[in-house]
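As structure tokens, the structure follows; a few thoughts come after it.
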């Protein structure tokens, strides 16, 4: 096709496209003529992005703390972006499933490897001072991470392990959500009183998390896997990707937090409380929570020893 014929063909296609919008092509071409050239900084809103690090103290390392958490939330958004595509897919296409699971793993691996910035990239003395200006805010309040868990697996798999045997998919979403594991991490063991951190989080996000839980109650990533044809469920590449996702999300990622908590909050005689009043020693260890997104993919021994390596991780820092 000659050059002018190609342009004429494109113009005809554009006329057809914009006719459906109630405007003629000429109006849109005028808009294109007057429009400014796109720049990199405008496209990604660079000036806005670089202006949202607002420390609450004068300690230089607080800015590192803020930026790293903002980067983490952006990675969480990428993970959710892929999870939603799996959940919403109706094709049951095996290659599509594997591709999305691998992408999620790549985002988790980037997060896990970068967490050394938090472990070794700040002065402990500065952290212990500026953290007091952050009360009662806590990384515990990351709603996106709670969404990641809800999109990944059946809600009964997220019930606290001490109560898990008492619940099943026959319980209502509301009942299961009330006993979700992370709530115990911000509840006083003796009095049963919720911390302000948890109260704030529940007030802000419970309606949204319940809505998502109801929307995906039969279409989480785990459900989508179980609904695949038998030959697809037995695909070794998919099984490996989902098992890696389980370990990345529920063992490796919490382990990095444990390393950071021990670096900044543990000390001889008495540990320092977390900013939100969360019981981090009971809440963070994966071997204590035993959260497993895809339990049928793991052997009984793997489930029983889930996250046991956290002991080696803490007491042998060279492994981090």
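Since every read-out is calculated from the coordinates, none of them should be taken as a lab result. Quantities reported herein were computed from a predicted structural model and do not represent experimental measurements. Heads up, the Cβs are rebuilt from the backbone with ideal geometry, glycines too, and the neighbour counts pull from every protein chain shown.
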Given contacts defined as C-alpha pairs under 8 Å and at least six residues apart, what's the relative contact order of the chain, whole-number percent?
20 percent
Between helix 3-19 and the chain: long-axis angle, C-alpha atoms, 0 to 90°, nearest 10
70 degrees
For the chain, what is the mean residue ellipticity at 222 nm derived from helices alone (per DSSP H run of n ≥ 4: -39500 (n - 2.57); sum divided by total residues; nearest 500 deg cm²/dmol)?
-17000 deg cm²/dmol
Compute the Cα gyration tensor for the range 88-230, then decide on rounded, prolate or oblate, letting a ≥ b ≥ c be the square roots of its eigenvalues: rounded whenever a/c is under 1.5, prolate when a/b is larger than b/c in the other cases, and oblate in all that remain.
oblate
By how many degrees, 0 to 90 and rounded to 10, does the Cα axis of helix 25-34 deviate from the longest principal axis of the chain?
60 degrees
Between the range 36-63 and the range 145-203, what is the C-alpha centre distance in whole Å?
35 Å
Where does each of 64-72, 50-58 land if you order them by average Cβ count within 10 Å, highest first?
64-72, 50-58
Provide the descending list of Cα extents for the range 133-206 along its principal axes, expressed in whole angstroms.
43, 29, 17
Length-normalised contact order of the range 102-192, Cα under 8 Å, at least 6 apart, in percent, tallies to 19 percent
If you average the sequence gap of Cα pairs under 8 Å that are 6 or more apart and divide by the length of the range 130-237, what percent do you get for the contact order?
34 percent
So what's the angle, to the nearest 10 degrees on a 0 to 90 scale, between helix 94-114 and the longest Cα principal axis of the chain?
50 degrees
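Ranked highest first by average number of other Cβ atoms within 10 Å, how do 14-22, 122-130, 251-259 line up?
251-259, 122-130, 14-22
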